[in-house]
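The values are calculated or read from the model by the stated rules, or taken from the named source; none is laboratory data. Quick caveat: nothing in here was measured; it's all calculated off a predicted structure. Ideal geometry is used to build each Cβ from the backbone, glycine not excepted, and the neighbour counts take in all protein chains shown. Surface accessibility is based on the protein's heavy atoms, side chains included, excluding ligands, DNA and RNA. Shrake-Rupley method; radii C 1.70, N 1.55, O 1.52, S 1.80 Å.
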Amino acid sequence: MSPEASELVHLTARELAARIRARELSAREVVQAHLDRIEQVDGAVNAVVTLVAERALAEAHTADEAAVRGAPLGPLHGLPVAHKDTHDTRGIRTTYGTPLLADNVPDRDELIVERIRGAGAITVGKTNVPEFAAGSHTVNPVFGATRNPYDLQRSAGGSSGGAAAALACGMHPLADGSDMGGSLRNPASFCNVVGLRPSPGRVPSWPETAPWSTMAVQGPMARTVADAALLLSVVAGPDPRSPIALETPGSAFGGPLERDLRGLRIAWSPDMGGAVPVDREVSDVLAPAVAAFAGLGCTVEEACPDLSGADEVFRTFRAWQFHLALGGLLETAADRIKPSLVRNVQQGRTLTGLDLERATVLHGELFHRVREFFERYDALVLPTSQVLPFPIDLEYPDKVDGVPMEDYLDWMRSAYLVSATGSPALSVPAGFSQVGLPVGLQIVGPHRGDLRVLQIGHAFEQATGHGERRPGLSVTRSDGRVLGRHESFGASGQEPRR
């Protein structure tokens with residue numbers, strides 16, 4: 001990769017889009033630079049698991065022709081994007097990380113992909129996920145594990161782990177993801193990038209097995225908060241195919257994020273009021289990071305809303321939704337999917353009407369306690385993850401700060417308890433451990449307060465600069481081939497990975 005191309009892959013999405021629009025760069029130059037970067041480093045990281053290079057270059061050529069003609073250009077015109085491998089993409093293999101769908105090639109884009117491509121972005125491939133996006137460690141039997149670019153022996157998080165690792169390495173400037181229990185936030189924390197869990201309905205989903213559900217959402221990832229807001233401006237907004245879609249147009253998030261934070265009341269909760277253990281190394285990084293808010297003129301107090309019942313709410317609705325989506329596999333393929341996923345689906349099968357009734361009541365009570373909390377505070381900040389990126393050969397951390405974890409969800413409580421509240425939550429880079437592992441800070445806002453968390457996150461990012469530190473990966477080759485590649489080609493027109 002030439003020095004000029006290596007610079008391109010670390011520019012922000014907003015900078016790239018502006019330079020393409022001004023015709024200082026061509027879409028083909030930008031796409032080729034990112035394809036070269038994937039070729040250079042992805043053998044070590046394993047983040048982009050299906051590559052469509054020739055298709056992407058052809059689309060870039062078409063995009064450049066449109067610019068020459070003076071055609072209207074979308075806000076993402078010419079920008080390369082890889083989509084999460086649980087998001088259906090027309091003509092491009094979408095495996096969900098499971099051998100059951102290893103050769104699945106959808107015949108249509110789902111809504112989030114439709115909007116991103118409609119805004120002018122160019123698809124370069126798909127990013128790795130855990131099997132059926134279950135869990136916050138990206139490993140599956142189809143493609144293997146995605147490695148953390150800051151330490152290749154560590155997890156990149158999940159379930160949007162491939163997206164986070166690819167962003168950190170400069171493989172593409174924007175990524176889509178999804179989040180039920182932390183799948184946009186945990187990998188952002190592990191890989192020193194930005195992940196936003198929007199308010200339910202902010203980014204409408206279609207098609208959707210449970211269209212009225214509010215626990216799982218889709219949203220943006222990027223290397224900066226402003227770039228995440230740019231992608232949100234494209235994927236947010238009403239759609240008649242989603243019954244919970246919010247009416248606010250996406251354009252509400254496309255403008256500048258600068259805001260004077262003086263006088264804002266920030267609640268800092270290092271352990272969610274004693275509800276979750278947090279490893280000392282995480283706490284040591286976040287303590288000085290939180291002090292940055294005082295420097296921005298905020299009043300910072302240690303406080304946390306009453307989250308009682310949130311654990312039961314999340315686990316009940318998660319199990320119900322997993323059974324709704326995957327229950328048929330218990331009879332046909334239980335021996336071909338990972339055991340922890342089978343257990344989750346089985347838990348959903350045993351739920352009773354009374355279980356769902358209790359969770360529904362608890363959910364309503366939780367909402368009102370959190371609503372009242374945000375009448376006193378403008379934002380809640382807390383650890384995104386309770387642990388540092390953990391060794392890649394673990395399924396999940398079995399202890400946090402010496403406290404045993406009962407299952408593969410337990411260590412994610414700092415993220416999934418927030419999911420149960422329905423509040424928007426943003427993970428931003430907040431510093432590094434003594435051995436150089438990233439730590440994220442989670443900024444939570446009031447009901448539908450997405451713009452507020454973006455503005456606060458942007459101010460924190462500008463004041464601290466932690467997100468500017470990139471991993472130091474170099475070319476990794478063996479016998480002339482990039483290590484760790486997976487061949488992928490077939491009816492979709494995909495090419496072999498080279």
A careful count of residues in the range 203-226 that are open to solvent by less than 10 Å² (accessible area, probe 1.4 Å), within 17 Å of Ile456 (Cβ to Cβ) and in a loop (DSSP other than H, G, I, E, B) gives 0
Scanning the range 116-174 residue by residue, those of a type in the set (D, E, K, R) and closer than 17 Å to Phe390 by Cβ turn out to be Arg147, Asp151, Arg154
Residue satisfying all of: in the range 41-68; among the charged types (D, E, K, R) and more than 26 Å from the chain's Cα centre (by Cα); most open to solvent (accessible area, probe 1.4 Å) among these: Glu54
Please specify each residue of the range 1-36 satisfying the condition of being open to solvent by 20 Å² or more (accessible area, probe 1.4 Å), part of a helix (DSSP H, G or I) and within 19 Å of Asp176 (Cβ to Cβ). Arg14
Where a residue in the range 181-207 is at pLDDT below 95 and its partner, wherever it lies, is assigned to a strand (DSSP E or B), with Cβ under 8 Å and at least six apart: none
Checking Leu111 against (1) at pLDDT 95 or above; (2) buried (at least 24 other Cβ atoms within 10 Å of the Cβ); (3) within 17 Å of the chain's Cα centre (by Cα), the condition it does not meet: (2)
Test: Ala319 is over 21 Å from Ala210 (Cβ atoms), assigned to a helix (DSSP H, G or I) and not basic (Lys, Arg): no
May I ask you to list the residues in the range 272-295 that are in a helix (DSSP H, G or I) and without any contact (Cβ under 8 Å) to a residue 24 or more places away in the chain? Ala287, Ala291, Ala294
Need the failing condition index for Asp393 against (1) assigned to a helix (DSSP H, G or I); (2) open to solvent by 20 Å² or more (accessible area, probe 1.4 Å); (3) farther than 23 Å from Val276 by Cβ, just the number. (1)
